[in-house]
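Just so it is clear, none of the values below were taken in a lab; they were calculated from the coordinates. Quick caveat: nothing in here was measured; it's all calculated off a predicted structure. Quick reminder, even Gly has a Cβ in these numbers, built from the backbone with ideal geometry, and neighbours come from all protein chains shown.
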Amino acid sequence: MQIFDLAIAYKWKYDKEFVDLIEQNFQKAGFRTFVITKFNVNEVINSIKGRRINFRLYLDRASDEDPAFLPVAKLLTRKKCYIINPHNKTEKSVDKVLMHKKLVKKNFRLPKTFLLPSFELRKNILLDDKHLTELGIPFIIKPSLMSGGGEGVIKNAVSLNQIIEERRKNHLEKYLIQEKIYPGKIQGRRAWFRVIWAFDQVIPTWWDDHTHIYHRVSKNEVVKYNLLPLYRITKRLARITQLDYFSTEIALTKDHNFVLIDYVNDQCDMRLKSNHSDGVPDEVVNEFIERMKQKILSL
């Protein structure tokens with residue numbers, strides 16, 4: 001049987017540069033890596049079943065997009081392979097309605113929110129214009145599940161009709177109707193942050209929610225602008241989700257309140273800033289890879 005230290009499954013074409021960088025880093029350190037794509041996934045499944053191949057660690061960046069990859073993790077779980085972000089944990093963590101309820105109980109600071117069941121479950125909504133006035137106009141309409149990368153999110157909603165239309169259009173989807181949070185500014189930057197949790201380490205970045213441009217938050221900036229709550233909030237999220245990695249969005253308001261905006265994204269966009277203007281800073285991606293390498297060493 002061939003045993004590799006790390007297997008990576010991916011489907012998104014822009015993940016290739018990330019996967020290539022992982023392989024370069026891991027192989028330089030003496031680890032054996034294996035890449036699973038749509039071209040060899042069935043062959044890999046058969047090889048695992050036939051005990052011809054196995055992996056110590058598995059990074060799955062494909063099965064959320066293509067169910068053809070789902071059997072890989074199921075088979076590897078029985079083979080004692082360490083699954084990064086196993087499906088049973090991610091399923092609970094990425095459901096925004098479910099997470100909102102958990103976070104309210106844990107006293108996280110969140111936007112004012114009304115939770116709506118799916119149109120399939122209940123046709124009418126118990127909301128009126130008075131509720132929307134409480135939230136403020138405009139407000140946010142956010143689907144519970146299908147909102148990766150902001151997809152499906154309406155950021156400047158103004159009426160009940162928009163809520164009704166979205167629920168009918170996606171009749172199986174639950175919704176969060178939320179207050180729109182306006183960040184303060186620090187040295188001319190919008191105080192909006194995307195924080196990455198990477199194998200027990202917090203990596204904060206400035207992330208402009210309008211331009212989607214990243215910058216690494218420096219240690220000096222953490223001290224100078226009192227940004228330590230970014231670490232505390234992210235660590236608390238990690239304890240609740242038990243995920244190996246995820247990203248979260250946190251806004252700092254003008255009155256210095258840290259508000260958790262987008263709770264948990266399990267598939268972080270890892271396009272490199274050196275190749276994409278709105279990509280993740282290269283040093284952050286490399287730090288993520290280094291943390292994953294340390295995970296293998298700890299097993």
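What to note about this one:
- P(r) for the stretch 112-179, from all Cα pairs and a bin width of 10 Å, is 23, 60, 17, 0 %, short bins first.
- Ordering Ser47, Ser277, Ser93, Ser159 from the fewest to the most neighbouring beta carbons within 10 Å gives Ser277, Ser159, Ser47, Ser93.
- Among Phe199, Phe39, a tally of other beta-carbon atoms within 10 Å of each Cβ gives an order, fewest to most, of Phe39, Phe199.
- All other residues whose Cβ lies under 10 angstrom from that of Leu98 are scored, Lys and Arg at +1 and Asp and Glu at -1, for a net of +3.
- Relative to one another, the C-alpha centroids of the stretch 36-78 and the stretch 80-137 are positioned 31 Å apart.
- Cα-based Rg of the stretch 2-84 normalised by 2.2 N^0.38 Å, two decimals: 1.01
- At 0.692 mPa s and 37 °C, Stokes D of the chain from Kirkwood alpha-carbon radius, µm² per second: 159 µm²/s
- DSSP bridge analysis restricted to the chain gives an antiparallel fraction near 65%, rounded to the nearest 5.
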